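The values are calculated or read from the model by the stated rules, or taken from the named source; none is laboratory data. Nothing here was measured: the structure is a model prediction, and the numbers come from that model. Note: ideal-geometry Cβ built from the backbone for every residue, glycine included; neighbour counts use all protein chains shown.
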Amino acid sequence: MRSREASRTAEFMAVFRASEHAKAPTSRAFADPLAAALLPGGFRLAARLFSMRPAAALLNAYIDRRWPGARTSGIARTKLIDDWIGQAACGIDQVVLLGAGFDTRAWRLDALAAARIFEVDHPNTATVKQARLRSAHADLGKVTFVRVDFEIDDFDRLLRAAGFDAARPAIVVWEGVSQYLTGEAVCGVLRWVGGLAPGSRFIFTYIHEGVLNGSAAFVGADKAIAKVDGSGEPWRFGLLPEELPGFLRERGLSLLSDLGADEYRERVMGAASRHMQGYSFYHTVLAEVPGA
């Protein structure tokens, strides 16, 4: 991440959510009225274009050519994670969003209305996000913000100091982050989640290791890597799906579901997803701390 700037990938995800919100209520996967407000000037103009049907189609087509599968994968995984959170929130009332970026679930998910929500993120992104939310008149009191640099800070200590109760079950969401960190940092986060109260749910994403070492071919992977490298936020960590159950088990977690982008696009978008290619190397995972 560049000094004093918000995460560029967080802004891209907000663009994708804004594009979905601009659809008719009967046809969109979710609503996100704050997504456009979180964008900088140039991206905010694009968000306004999404509300104009011919312009929206052209803009979405342009994004899909430049970054194959990223938009549709991002939209589908947002809905998938929303659903998993809603299911878990029936019995768990504290939520931790690790590397929250421009996530707006605290404001748009009714299932979290009574939950204590902690957003843990890099100070640069957190500062920009809070300023833009204030400008949009969002209620910042819905969230406890915890500023952390995952590479150097003890986020467990900072989170507890902010009021998180590790003795009670929690929903932990770690979306779109693991690939930017070192293996040591990723393993540290998973060990921390594995040590939480039994019954805690862990939702996270990872990329297929083959996209990093060239051992597997994926449509659009070269464009995706070039894009993130150019943004100053290169990918550094990946996993092999067949090794995931053991990887989680060694860190105190039990795998419940591991879906690649093609699978969760089909789950969310149905038959239309058959014409969507790209980002099949991206996975979204639901795990739990066993023993409840």
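Those residues that are among the aliphatic types (A, V, I, L, M) and closer than 17 Å to residue 285 by Cα, I need them from region 63-86; list them, please.
As a first pass, look at region 63-86 and keep what is among the aliphatic types (A, V, I, L, M): 63, 70, 75-76, 80-81, 85.
75, 76, 80, 81, 85, listed by residue number.
Within 22 Å of residue 110 (Cα to Cα) and not small (Gly, Ala, Ser) - does that describe any residue in region 176-197? Quick ask: steps written out before the conclusion?
First, the residues of region 176-197 that are within 22 Å of residue 110 (Cα to Cα): none.
No, every residue in region 176-197 fails to be within 22 Å of residue 110 (Cα to Cα) and not small (Gly, Ala, Ser).
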Which condition number in (1) surrounded by fewer than 20 Cβ atoms within 10 Å (Cβ to Cβ); (2) under 28 Å from residue 37 (Cβ atoms); (3) of a type in the set (A, V, I, L, M, F, W, C) is the one that residue 146 fails? (1)
List the residue pairs whose Cβ atoms are under 7 Å apart, where the first residue sits in region 5-34 and is touching a residue at least 60 places away in the same chain (Cβ under 8 Å) and closer than 16 Å to residue 107 by Cβ, the second is in a loop (DSSP other than H, G, I, E, B) and among the polar types (S, T, N, Q), and the two are 6 or more positions apart or on different chains. 32/104; 34/104
Residue in region 44-83 that is farthest from the chain's Cα centre (by Cα), counting only those that are under 23 Å from residue 206 (Cβ atoms) and among the hydroxyl-bearing types (Ser, Thr, Tyr): 72
It is to be established whether one or more residues within region 229-246 are charged (D, E, K, R), at pLDDT below 90 and surrounded by fewer than 16 Cβ atoms within 10 Å (Cβ to Cβ). yes
Residue hits (region 214-228; touching a Phe, Trp or Tyr at 6+ places or on another chain (Cβ under 8 Å) and on the phi < 0 side of the Ramachandran plot) are 216, 218, 221, 223, 224, 225, 227, 228
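With the condition being of a type in the set (Asp, Glu), I'd like the helices (runs of 4 or more DSSP H) fully within region 30-140 carrying at least 2 qualifying residues. Write out each step before concluding.
Working: elements: 41-49, 53-66, 70-88, 105-108, 123-135.
Correct list: 70-88.
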Going through 78, 26 one at a time, which residue ends up being over 30 Å from residue 159 (Cβ atoms) and hydroxyl-bearing (Ser, Thr, Tyr)? 26
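Can you name the residue in region 155-194 that is without any contact (Cβ under 8 Å) to a residue 12 or more places away in the chain and basic (Lys, Arg) and, of all such residues, is surrounded by the fewest Cβ atoms within 10 Å (Cβ to Cβ)? Show your work before the answer.
Taking region 155-194 and keeping what is without any contact (Cβ under 8 Å) to a residue 12 or more places away in the chain, we get 157, 160-161, 184, 188.
Right, trim to basic (Lys, Arg) and you get 157, 160.
Values: 157: 10, 160: 13.
Filtering first and then ranking leaves 157.
Looking for something of a type in the set (Lys, Arg), touching a strand residue (DSSP E or B) at 6+ places or on another chain (Cβ under 9 Å) and closer than 26 Å to residue 77 by Cβ - is there at least one such residue anywhere in region 156-176?
So the first thing to find is which residues in region 156-176 are of a type in the set (Lys, Arg), and the list is 157, 160, 168.
When the remaining residues are screened for being touching a strand residue (DSSP E or B) at 6+ places or on another chain (Cβ under 9 Å), the result is 168.
This time we only want the ones that are closer than 26 Å to residue 77 by Cβ, so: none.
Scanning region 156-176, I find no residue that is of a type in the set (Lys, Arg), touching a strand residue (DSSP E or B) at 6+ places or on another chain (Cβ under 9 Å) and closer than 26 Å to residue 77 by Cβ, so the answer is no.
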Looking at this structure, is residue 225 modelled with pLDDT of 95 or more, surrounded by 15 or more Cβ atoms within 10 Å (Cβ to Cβ) and within 20 Å of the chain's Cα centre (by Cα)? no
Out of region 59-94, which residues are touching a residue at least 40 places away in the same chain (Cβ under 8 Å), among the aliphatic types (A, V, I, L, M) and out of contact with any helix residue (DSSP H, G or I) (no Cβ under 6 Å at 6 or more places or on another chain)? 70, 81, 85, 88, 92
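Could you please find all residues in region 217-256 being small (Gly, Ala, Ser), over 24 Å from residue 9 (Cα atoms) and in contact (Cβ under 8 Å) with a residue 60 or more places away in the chain? Give the derivation first.
Filtering region 217-256 down to residues small (Gly, Ala, Ser) leaves 217, 220-221, 224, 226, 230-232, 238, 246, 252, 254.
Those still in the list that are over 24 Å from residue 9 (Cα atoms) too: 246, 252, 254.
Once the filter is applied, which keeps residues that are small (Gly, Ala, Ser), over 24 Å from residue 9 (Cα atoms) and in contact (Cβ under 8 Å) with a residue 60 or more places away in the chain, region 217-256 yields only 252.
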